[in-house]
Amino acid sequence: QKEVEQDPGPLSVPEGAIVSLNCTYSNSAFQYFMWYRQYSRKGPELLMYTYSSGNKEDGRFTAQVDKSSKYISLFIRDSQPSDSATYLCAMSEGRDDKIIFGKGTRLHILP
Amino acid sequence: ETGVTQTPRHLVMGMTNKKSLKCEQHLGHNAMYWYKQSAKKPLELMFVYNFKEQTENNSVPSRFSPECPNSSHLFLHLHTLQPEDSALYLCASSQTTRGNSPLHFGNGTRLTVT
């Protein structure tokens, strides 16, 4: 079983829709959870950073962590064409360990 | 200049060439990294430097040779590469090497080996 599973997509949704992106993981010791956004021909940029379980909201973006189910989500409200990008989940235990990345999900917002 | 900058943006090299990738960070971070990004694969960690000392070599072939002269600069020297080494090479930095210290990436060098 891979450490972090993420559906690569592509996922196409109409403008204005709510987008849900998800990752599952196997290591119950993960405590720090990140979402990165990567535009074409650019490097990944940190979008959301959360610790442990619960929700975190930043504008149109909400990150949700369910440690009991080993499942994290990123919700995008009122999606815009400018949200079209690849979204990578990442996580770590927070000690002297590496950050583990998912494969990324390609998202297309259709005007 | 802010953030993490990488040069060149694109590089095409033959299998017998020698070239170098350059990375510079302006964030005051102590840790720097090289990652390889290939299609449909997770980011692959290659090397980690902490306070300019190499702390991790993730079983990377010797045809990739990193160099970190100080905490702000990182190089990746390339020689006798293989076509399967074609990928996007990303440099990143973070405040510490602990897993709770998020990474800040450059825009990468798109490498094509012919």
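Results for (1) in contact with a Cys (Cβ under 8 Å, 6 or more places away or on another chain); (2) more than 14 Å from chain B (Cβ to nearest Cβ); (3) modelled with pLDDT of 95 or more, shown as yes or no for each residue.
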| residue | (1), (2), (3) |
| --- | --- |
| A:A29 | no, no, no |
| A:R37 | no, no, yes |
| A:G54 | no, yes, no |
| A:E57 | no, yes, yes |
| A:I72 | yes, yes, yes |
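Checking A:K56 against (1) part of a strand (DSSP E or B); (2) open to solvent by less than 60 Å² (accessible area, probe 1.4 Å), which test does it fail?
Result: A:K56 fails condition (2) only.
Could you tell me which residue of the range B:75-114 is farthest from A:D97 (Cα to Cα), considering only residues that are within 14 Å of chain A (Cβ to nearest Cβ) and aliphatic (A, V, I, L, M)?
Filtering first and then ranking leaves B:L111.
Taking only the range B:46-103 into account, find how many residues are under 11 Å from B:W34 (Cβ atoms) and among the β-branched types (V, I, T).
Within the range B:46-103, residues that are under 11 Å from B:W34 (Cβ atoms) and among the β-branched types (V, I, T) number 2.
Residues are listed down the side, and each one gets a yes or a no for (1) open to solvent by less than 10 Å² (accessible area, probe 1.4 Å); (2) touching an Asp or Glu at 6+ places or on another chain (Cβ under 8 Å); (3) among the acidic types (D, E):
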{"residue": "B:S65", "(1), (2), (3)": "no, no, no"}
{"residue": "B:L74", "(1), (2), (3)": "yes, yes, no"}
{"residue": "B:T80", "(1), (2), (3)": "no, no, no"}
{"residue": "B:S86", "(1), (2), (3)": "no, no, no"}
{"residue": "B:A92", "(1), (2), (3)": "yes, no, no"}
{"residue": "B:G108", "(1), (2), (3)": "yes, no, no"}
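Do any residues in the range A:45-59 that are acidic (D, E) have Cβ atoms under 9 Å from those of residues that are not in a strand (DSSP E or B), where the two are at least six apart or on different chains, and which pairs are they?
A:E45/A:Y39
Of the residues in the range B:29-45, how many are in contact (Cβ under 8 Å) with a residue 40 or more places away in the chain and out of contact with any Asp or Glu (no Cβ under 9 Å at 6 or more places or on another chain)?
So the count comes out to 6.
Pull up the range B:53-67, narrow it to residues that are under 16 Å from A:K98 (Cβ atoms) and outside any strand (DSSP E or B), then point me to the one that is farthest from the chain's Cα centre (by Cα).
Of everything passing the filter in the range B:53-67, B:S59 is farthest from the chain's Cα centre (by Cα).
The values are calculated or read from the model by the stated rules, or taken from the named source; none is laboratory data. Because the structure is predicted, anything quoted here is derived from the model rather than measured. A quick note on method: Cβ atoms are made from the backbone with ideal geometry, for glycine too, and the neighbour counts reach across all protein chains shown. Protein only, heavy atoms only, side chains kept; ligands, DNA and RNA dropped before computing areas. Shrake-Rupley method; radii C 1.70, N 1.55, O 1.52, S 1.80 Å.
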